[in-house]
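Structure first, then comments.
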Amino acid sequence: MCAVGDRHIEPPSRRLDAHHRAGGGFHAVHEDLEHYARVLGQIRAIVDADQILIRAGVGAVVAKLRAKMPQAKVLVMSILPRGTSPKARQQAFTKINPSIAKLADGRDVFYLDICEKYFRPDGTVNSELLGDLCHPTGKGYEIWAEAMEPLFRKLLD
């Protein structure tokens, strides 16, 4: 169980552990997924990179997840805003997110764009939600969890 603010979220690892005990071989997949998660983190951190390469990288991770765990539902998240640039100049937000959104098929792969939640009304990045103007604070993670909750409830029921 993971606590975000006063919310408690059961991690998917419990479901995967049950799958493993039933002979699903989760641990064989786990190391691969850790590697791809690190790669995805590196891809998402590159703000000025070519959007086609980023979409291809995110798409490769999604394809690998689907190949290794075909029954899994995959949630692709938007790249969050960062830095001091106003919303109008956020390249990750304005160009890359619509591109990676196209990976969603609404059946097995879903996309959730939460960028707007991290901007102030004046279009600047909210440092109360992204403390270093890049990584979410506790409050930023609460907003993230609240945004994902309806989709998780729908998918896990």
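The numbers here are math on the coordinates, done by the rules we state, and not lab data. Worth saying up front: this structure is predicted, and the values here are computed from it rather than measured. Every residue, glycine among them, receives a Cβ derived from its backbone with ideal geometry; neighbour counts consider all protein chains shown.
Full extension of the segment from Leu53 to Leu133, taken as 0.36 nm per residue of separation minus the current Cα-Cα distance, would add 26.4 nm. Legend: distances between Cα atoms for Lys64/Lys95; Lys73/Lys117; Lys68/Lys139; Lys87/Lys154; pairs beyond 29 Å are Lys68/Lys139; Lys87/Lys154. Could you tell me what % of all Cα pairs in the stretch 70-157 have separations over 23 Å? So the portion of pairs separated by more than 23 Å is 27 percent.
Once the C-beta distance of Glu149 and Thr124 is scaled by a Förster radius of 35 Å, the resulting FRET efficiency is 0.85 to the nearest 0.05. For Val109, the amide hydrogen comes within under 5 Å of the amide hydrogens of Val74, counting only partners 5 or more places away or on other chains and with H modelled in the peptide plane.
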